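Take a look at the structure set out below.
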Amino acid sequence: LPVAILAQAVASSKVLGQHQKLGMVEPGPGQVQFYTSAADFIRDADPIFADREAEHSIMLGVLGNLQKDMNFYNITPELVAVTGSAGSPVLLASMVHPHPFVLSLPARDASEEDIHSAVKCLANYAGSVLKEKKVFPAKIVGHPQLVEPLVLHLAARSTPLKRGLGIQFYSLQPDSLVEPRLKMSDDTSLTARRYEPEKDAGWLRKWVHEFFMDVWGYAQERMVENQLSELAKLPKEARGMFLLFQGENFVSYAGYGGATANTMRITGVFTPAEFRGRGYGQLICWYACRYLLTPVEKEGLGRSQLVIAADQNKTSVMGIYQGLGFRDLTEVREYVADAC
């Protein structure tokens, strides 16, 4: 299995079949299933995830945490699958409110009819069940060919969303990593170290908040606390951050997480405004990538692929990542609820 680490937990799970079928949302092959067990969700979804870990890195990263504890994020997660005419999952969605409602790619063997029906079913699920539960998504994120028709269906239900960012995902293999423009040896006042929760959480909170404002255009306190909580609770093999300083001044950070069996995601690179344009972000990103791609026997994490995302409108940011050897993987588009 491509998600071997997660699959081990599935095999050892003592609770199987804990999902609730919501029934036919509307005529057609689609049927929405809501899961209360991350292990069950992963088991049923494996044909969709197979050989596409990198493309599903956001969803798989969340699922890895939920397998450890379904209350990991202190809120009941939404894990749903829509089955097709053959009875197997065609399309998946996950959400840990207030974070985005994330769509998977469709099953490889799904027919156009099944995909179309699955999108409509998810739109009805979001527009009825999630609204009733008062956790309607602040954002919906997915491949344009899936998320755009879903948003049209929601608009027909008087639940309009406005177009947000276009996001480009990039991937990097160990033999493709390129050294950054700025090197540590170029400035002897530069030092890098690992984030330490007890030492750094207090002063870094401000910059995590600024990161969310830069990327999403808004920041909720729960989002900041969730990120800091993950950094404190998870081992360095699953979640971490590297900090860059010039003398005593903090100048940049690069976070990582979303571990799957073979991949890891660079979860964010941030440089305070007054230190931008000097190569600090690319340097600390390279520092993190080198650690993640270095074999375990050489004290790295031994990942075979890394994933990073960037706003398609920020060409300078995209250029920074491409300069390190990242190459195009896939794109997603976000749609934002009016309240955002």
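With the condition kept exactly as written, say whether any residue in the range 301-323 is open to solvent by less than 10 Å² (accessible area, probe 1.4 Å) and part of a loop (DSSP other than H, G, I, E, B). For the range 301-323, residues open to solvent by less than 10 Å² (accessible area, probe 1.4 Å) and part of a loop (DSSP other than H, G, I, E, B): absent. Restricting attention to the range 156-178 and to residues that are under 17 Å from residue 320 (Cβ atoms), surrounded by fewer than 18 Cβ atoms within 10 Å (Cβ to Cβ) and hydrophobic (A, V, I, L, M, F, W, C), the residue that is modelled with the highest pLDDT turns out to be 178.
Residue-wise test of (1) touching a strand residue (DSSP E or B) at 6+ places or on another chain (Cβ under 8 Å); (2) outside any strand (DSSP E or B).
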site: 206; (1), (2): no, yes
site: 214; (1), (2): yes, yes
site: 243; (1), (2): yes, no
site: 254; (1), (2): yes, no
site: 260; (1), (2): no, yes
site: 264; (1), (2): yes, no
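Go through the range 109-124 residue by residue and tally those that are within 24 Å of the chain's Cα centre (by Cα), surrounded by fewer than 22 Cβ atoms within 10 Å (Cβ to Cβ) and in contact (Cβ under 8 Å) with a residue 60 or more places away in the chain. Looking only at that region, the number is 2. Would you confirm whether or not the range 276-297 contains a residue that is part of a helix (DSSP H, G or I), over 18 Å from residue 178 (Cα atoms) and more than 19 Å from the chain's Cα centre (by Cα)? Checked against the condition, which is being part of a helix (DSSP H, G or I), over 18 Å from residue 178 (Cα atoms) and more than 19 Å from the chain's Cα centre (by Cα), the range 276-297 yields at least one hit. Each residue in the range 122-167 was checked for being more than 30 Å from residue 316 (Cα to Cα), aliphatic (A, V, I, L, M) and not in a helix (DSSP H, G or I), and 1 pass.
Kindly indicate whether residue 94 is small (Gly, Ala, Ser), part of a helix (DSSP H, G or I) and within 24 Å of residue 33 (Cβ to Cβ).
Values: small (Gly, Ala, Ser): yes; part of a helix (DSSP H, G or I): no; within 24 Å of residue 33 (Cβ to Cβ): yes.
When the stated conditions are applied, residue 94 does not pass them.
With respect to (1) in contact with a helix residue (DSSP H, G or I) (Cβ under 7 Å, 6 or more places away or on another chain); (2) surrounded by 15 or more Cβ atoms within 10 Å (Cβ to Cβ), the lone exception for residue 143 is condition (1).
For residue 137, indicate whether it is surrounded by fewer than 15 Cβ atoms within 10 Å (Cβ to Cβ) and touching a helix residue (DSSP H, G or I) at 6+ places or on another chain (Cβ under 8 Å). Quick ask: steps written out before the conclusion?
Details: surrounded by fewer than 15 Cβ atoms within 10 Å (Cβ to Cβ): no; touching a helix residue (DSSP H, G or I) at 6+ places or on another chain (Cβ under 8 Å): yes.
It is false that residue 137 is surrounded by fewer than 15 Cβ atoms within 10 Å (Cβ to Cβ) and touching a helix residue (DSSP H, G or I) at 6+ places or on another chain (Cβ under 8 Å).
The values are calculated or read from the model by the stated rules, or taken from the named source; none is laboratory data. Small disclaimer: the values here were computed from a predicted structure and weren't measured. For neighbour counting, all protein chains shown are included, and Cβ atoms are generated from backbone atoms with ideal geometry for every residue, glycine included. For the accessible areas, the whole protein counts, side chains as well, though only heavy atoms, and no ligand, DNA or RNA atoms are used. Shrake-Rupley method; radii C 1.70, N 1.55, O 1.52, S 1.80 Å.
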